[in-house]
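Worksheet: the structure to be examined is printed underneath.
We did not get these values from a lab; they are worked out from the coordinates using the rules stated. The shown structure was predicted, so the numbers you read here are calculated from the model rather than taken from an experiment. We place every Cβ from the backbone using ideal geometry, glycine too, and count neighbours over all the protein chains shown.
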Amino acid sequence: MRCNQTSAFRQGAIGQAAAVAKLEEYRRKRDPEATPEPFGGSRSGDAPIFVIQRHDARRLHYDLRLERDGALASWAVPKGMPLEPGARSLAVHVEDHPIEYATFEGEIPAGQYGAGTVEIWDSGTYELVDAKRDGGLTFHLHGKRLEGLWTLVPAKLDGDPKNWLVIKKRDDPAEQTGGSLHRYKPMLATLAEGVPHGEGWLYELKWDGYRIVARLATGEAELRTRKDQNYTERFPGV
Ligand code: MN
């Protein structure tokens, strides 16, 4: 199903009233006197917008927001957006945010809801490709870092309706799925009877440490060990 909803309804009086009602939970959680976060905004652009904010709160996460019916439908993605076709990430459905939030960056003071630093990680427009009756959305993002097709699925992980999944889809059906395409493993030492001799050879004792592959994608570096553990936070200097 192709879902086209750039209708007069969305921008009309009924749409505005619906948008106000949608933001009740957002307003209930925040005190406009105590947080620099925005509380309003409306848009009448052609293509709906999206934003992904890096939110360094109690726990670092990324907030994915899609413009829907006069507000920003929002999900907190703890591990960030999946990038390889077939890869998936938990996406926790949170309250709708006001349209103005799409340009918000700053510091939410300690003690306030979501206290911490908010930075825009990516933004742009998107095309809604499919909207399922259960709320599932397939969309094509046109951002500065991200370009391509993703699906949000209300997967109800652990029985919690807030626990959705965001899945990277193939942009082109000819692409391979599985995510194994770009999986490199660190080279391991090989047991040998002696060391090679001659010009061009050096050797050193084997020091203890970690064998790690560094991957750079969408402008972000990631360090992974041979057992595929993420050591990016452990070695920020690297
Ligand atoms: Mn957040």
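Let me spell out the model: positive unit charges on the Cβ of Lys and Arg, negative unit charges on the Cβ of Asp and Glu, origin at the Cα centre of the range 43-193. What dipole size does that give, in debye rounded to 20?
For the range 43-193, the charge dipole is close to 440 debye.
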Of A47, A87, A76, which is farthest on the positive side of the dipole of the chain, counting Cα position, with +1 on Lys and Arg Cβ, -1 on Asp and Glu Cβ, and the Cα centre as origin? A87
Cα-based convex hull volume of the range 40-118 per residue, rounded to whole Å³: 102 Å³
Working from Cα positions, state the angle (0 to 90°, nearest 10) between the long axis of helix 13-22 and the longest principal axis of the chain. 50 degrees
Where the eigenvalues come from the Cα gyration tensor of the range 78-222, what are the semi-axes √(5λ) of the equivalent ellipsoid, largest first, in whole Å? 41, 22, 16
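Given the DSSP H assignment, sum -39500 (n - 2.57) over each helix run of at least 4 residues in the chain and divide by its residue total; what's the result at 222 nm in deg cm²/dmol, nearest 500?
-2000 deg cm²/dmol
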Long-range alpha-carbon pairs in the range 9-154, meaning those over 17 Å apart, account in percent for 61 percent
Compute the Rg/Rh shape ratio of the range 182-222: radius of gyration over Kirkwood radius, all on alpha-carbon atoms. 1.11
Given contacts defined as C-alpha pairs under 8 Å and at least six residues apart, what's the relative contact order of the chain, whole-number percent? 16 percent
Would you kindly calculate the translational diffusion coefficient of the range 86-146, applying Stokes-Einstein with the Kirkwood radius from alpha carbon pairs, for 4 °C and a viscosity of 1.567 mPa s, and quote it in µm² s⁻¹ without decimals? 90 µm²/s
